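Single-structure report; data block below.
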Amino acid sequence: MFSIPALLLYILFFVVGWLFARWRGAQEQSRRVMAPAVSTPQPQAKAPEVAAKPKAVSTIEKEPAKAPKAVPKAKAEPEPKDSVSASDSQPIVKKEVPKEKKKAAKAASKPIVSSDPDKPERLSAPRDGDADDLKRVKGIGPANEKKLNAFGVYHFDQIANWSAEQAEWIGKELSFPGRIEREEWIEQAKVLASGGDTEFSKRSDKR
């Protein structure tokens with residue numbers, strides 16, 4: 001007769017073997033079920049083919065479109081030479097400045113002569129009412145130009161005619177002593193009064 005431990009061990013092996021056999025059977029069955037689904041792909045449903053309708057072939061051949069005929073341009077009739085436009089018929093009238101105004105302008109500009117030879121000649125107003133641009137002289141800015149105009153200096157030839165004593169006197173009078181000699185106002189004014197240009201005046205004109 002078997003001992004109790006041996007009997008229990010036998011029963012345990014039997015149960016384990018039975019469970020293992022059941023598990024292997026379940027695995028085989030699942031493989032058989034899954035194999036057809038994997039191996040045999042399901043055929044895809046084809047979309048129903050739509051028969052293309054044959055294009056209606058026209059039996060009448062289309063004629064090529066003809067280009068429109070160019071319409072000849074009407075020639076402009078030449079204007080008669082005798083016809084004169086209204087603008088041409090009117091005589092061109094040049095506006096002349098009345099002599100009275102010219103005389104008044106000249107009369108307004110009177111030289112102010114001093115008995116002191118060290119004082120330069122001044123003018124009561126610019127000649128013909130048109131002063132020179134004194135800023136074209138290097139060293140004369142807007143402020144100094146205003147001072148010179150207020151003093152009666154409006155033209156290049158006035159500065160060009162200054163003597164050394166007059167230049168010194170006006171430099172002290174207008175609060176810029178020595179500047180006229182240092183910046184050579186008289187030499188520049190002589191060139192500008194004669195209608196020439198200096199290097200500074202050329203640059204000044206381009207501004």
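The values are calculated or read from the model by the stated rules, or taken from the named source; none is laboratory data. Keep in mind it's a predicted model, so treat the numbers as computed, not measured. Glycine gets a Cβ as well: all are built from the backbone with ideal geometry, and neighbour counts include every protein chain shown. When the accessible area is computed, the model is the full protein with side chains, heavy atoms only, and any ligands, DNA or RNA have been set aside. Shrake-Rupley method; radii C 1.70, N 1.55, O 1.52, S 1.80 Å.
Observations, loosely collected:
- Candidates in the range 133-173 are the residues that are over 19 Å from GLU199 (Cβ atoms) and among the aliphatic types (A, V, I, L, M); of these, the one that is farthest from the chain's Cα centre (by Cα) is ALA164.
- For GLN188, the stated conditions do not hold, so it cannot be described as under 18 Å from PRO117 (Cα atoms) and open to solvent by less than 60 Å² (accessible area, probe 1.4 Å).
- When each of PHE156, PHE151 is tested for being modelled with pLDDT of 95 or more and not charged (D, E, K, R), the lone residue that passes is PHE156.
- Filter result (assigned to a helix (DSSP H, G or I), out of contact with any Lys or Arg (no Cβ under 9 Å at 6 or more places or on another chain) and open to solvent by less than 40 Å² (accessible area, probe 1.4 Å)) within the range 161-185: ALA167, ILE180
- Any hit, the range 113-132, residues being part of a loop (DSSP other than H, G, I, E, B), modelled with pLDDT under 55 and exposed (fewer than 10 other Cβ atoms within 10 Å of the Cβ): no
- Within the range 125-159, the residues that satisfy the criterion of being farther than 16 Å from PRO111 by Cα and hydrophobic (A, V, I, L, M, F, W, C) are LEU134, VAL137, ILE140, ALA143.
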